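Reviewing the structure listed below.
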Amino acid sequence: MIENPSGEVYKNLIDVLCTYSDTFYFITRKELRYNPLILEQFEPYIIETYKTKEWANTLTAGPPATVYLIQSNPETCKILQQSANSLYEWVAPNLPEDLTFLKNNFEWFTCTTHEEFGGFSIRSEYYKKIMSQIHGLKIKREE
């Protein structure tokens, strides 16, 4: 992505990501603080949590992060849309970090919030067509 999706572009992006994903995850790190009320909202939809030093686009030398694997459904979509006004707002101290969306266990959208990097791994024309539905989203193709 060329710029941080915000406002209606952010809401549309989240809507498309949720619609075409089975699950998504975000991470928290032991050394950072997060708003506990945000995590509580997702609690009924958490499939699993686990600790790891490696997740989409990240390999940490520090303490492991906690991954929250969450159902992608209309309720979690609404929470994502109401919790932030832009993609890169998903960062401590308020929100968990590194939103990643999966379909059939394939990470088709990843985000590294601190670096303000988000991108798609598109494997078919089908997903290219889906991305064209997000008006105002600025992306460029990288090989």
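Each reported figure results from applying straightforward, stated rules to the coordinates on display, with no laboratory input. Computed from a predicted structure; not experimentally measured. Neighbour counts are summed over all protein chains in view; Cβ atoms, including those assigned to glycine, are modelled from backbone coordinates with ideal geometry.
Key figures for this structure:
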| item | result |
| --- | --- |
| Acute angle (nearest 10 degrees) that the helix 7-19 long axis makes with the longest principal axis of the chain, alpha-carbon atoms | 90 |
| Degrees separating the helix 74-83 axis from the principal Cα axis of the chain, which is the longest one | 80 |
| Over 19 Å between alpha carbons, listed pairs Lys53/Lys128; Lys30/Lys51; Lys11/Lys138; Lys11/Lys51; Lys103/Lys129; Lys103/Lys128 | Lys53/Lys128; Lys11/Lys51 |
| Exposed-site-free run, longest, the chain (rule: trypsin sites (Lys or Arg not before Pro); DSSP loop; at most 16 other C-beta within 10 Å) | 54-122 |
| Charge sum, other residues only, whose C-beta stays under 13 Å from Pro5's C-beta, Lys/Arg counted +1 and Asp/Glu -1 | -3 |
| Taking the chain and dividing mean pair separation by its residue count, relative contact order in percent (alpha carbons under 8 Å, at least six apart) | 35 |
| For segment 47-108: rounded, prolate or oblate by the Cα gyration tensor [a/c cutoff 1.5] | oblate |
| 3J(HN,Hα) from dihedral phi, segment 109-120, Karplus parametrisation 6.51/-1.76/1.60, rounded to Hz, x for glycine, proline | 9, 10, 9, 10, 5, 4, 8, 6, 10, x, x, 10 |
